[in-house]
Each structure stands twice: as C-alpha cells, then as structure tokens.
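Peer 1: There's a structure below that I have some questions on.
The values are calculated or read from the model by the stated rules, or taken from the named source; none is laboratory data. The structure presented is a predicted model; accordingly, all values stated were derived computationally and were not measured. Glycine also receives a Cβ, built like all others from the backbone with ideal geometry; neighbour counts cover every protein chain displayed.
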Amino acid sequence: MTSLTYPEVHSVGSLKAMPRTLPQPTPPPVTEATIRCPQCGHQALERMPENACLYFYLCTGCGERLKPKPGDCCVFCSYADALCPPKQAG
C-alpha cells in the first residue's frame with residue numbers, strides 16, 4: 001500500500017476566508033391591511049390585491065373616494081398600516 005503525501009500549506013496573510021451565508025427565504029407578502037380614511041378617520045380591514053395596486057378606494061364610513069398621495073402607487077401605500085404586496089416584493 002502506498003501512502004499519500006500532501007503538499008505543505010503556507011498561510012497567506014492577505015487571503016481571508018469568506019463567511020458562508022445561506023440566502024434567507026423571502027417572507028410571504030402581507031395581504032391584509034387596515035386602511036384609515038383621512039376625512040372621517042374610519043378604519044377598515046381590507047384585502048390587498050397581490051399582483052396590482054389599488055388606485056381608488058371608497059371609504060365605507062363617509063363615502064369619500066380616496067386616491068394615492070403624490071409619489072405613492074396606491075391607496076394602501078398612502079393610508080394603510082402596510083405597503084401593497086408589489087412594494088413589499090421590492
């Protein structure tokens with residue numbers, strides 16, 4: 001039987017081992033949010049569409065038609081306690 005020999009290992013100061021990190025699973029998007037009317041303060045728990053932004057929302061308290069604030073994509077991003085699923089996805 002032959003024995004194996006291994007080459008001599010030298011340490012190199014400039015090389016560093018990279019830590020191994022596993023990709024973290026992306027949490028599922030939040031699909032329900034409480035939307036609050038800026039006119040009357042009425043709050044309602046609403047289901048958010050997962051693949052689209054909701055541009056208009058009719059308040060069930062006072063009937064006010066809400067639309068997004070400038071710079072927001074939908075009424076959930078403007079008036080709810082959670083961003084819409086497309087924004088959550090990035």
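Peer 1: So which residues in region 50-90 are within 16 Å of Glu32 (Cβ to Cβ) and of a type in the set (Lys, Arg), if there are any at all?
Peer 2: Listed by number, the list holds a single entry, Lys87.
Peer 1: Further question on the same structure: Restricting attention to region 79-90, which residues are within 14 Å of Tyr55 (Cα to Cα) and assigned to a loop (DSSP other than H, G, I, E, B)?
Peer 2: Listed by number, the residues that qualify are Leu83, Cys84.
Peer 1: Can you pull out the residues in region 33-73 that are outside any strand (DSSP E or B), crowded, with 16+ Cβ neighbours inside 10 Å and free of Cβ contacts under 8 Å to residues at least 24 places away in the same chain?
Peer 2: Cys59, Pro68, Asp72, Cys73
Peer 1: Can you say whether Pro28 is closer than 15 Å to Cys84 by Cβ, modelled with pLDDT under 95, exposed (fewer than 13 other Cβ atoms within 10 Å of the Cβ) and not basic (Lys, Arg), as far as the supplied structure shows?
Peer 2: yes
Peer 1: Would you be able to say whether some residue in region 70-90 is under 13 Å from the mean Cα position of the chain (by Cα), at positive phi and at pLDDT below 95?
Peer 2: Within region 70-90, one or more residues are under 13 Å from the mean Cα position of the chain (by Cα), at positive phi and at pLDDT below 95.
Peer 1: Another question, then. Any idea which of (1) assigned to a loop (DSSP other than H, G, I, E, B); (2) in contact (Cβ under 8 Å) with a residue 24 or more places away in the chain; (3) among the hydrophobic types (A, V, I, L, M, F, W, C) is the one Phe76 doesn't satisfy?
Peer 2: (1)
Peer 1: From the list Ala33, Ala44, exactly one residue is modelled with pLDDT of 95 or more, in contact with a Ser or Thr (Cβ under 6 Å, 6 or more places away or on another chain) and of a type in the set (Gly, Ala, Ser). Which is it?
Peer 2: Result: Ala44 is the single residue among Ala33, Ala44 that is modelled with pLDDT of 95 or more, in contact with a Ser or Thr (Cβ under 6 Å, 6 or more places away or on another chain) and of a type in the set (Gly, Ala, Ser).
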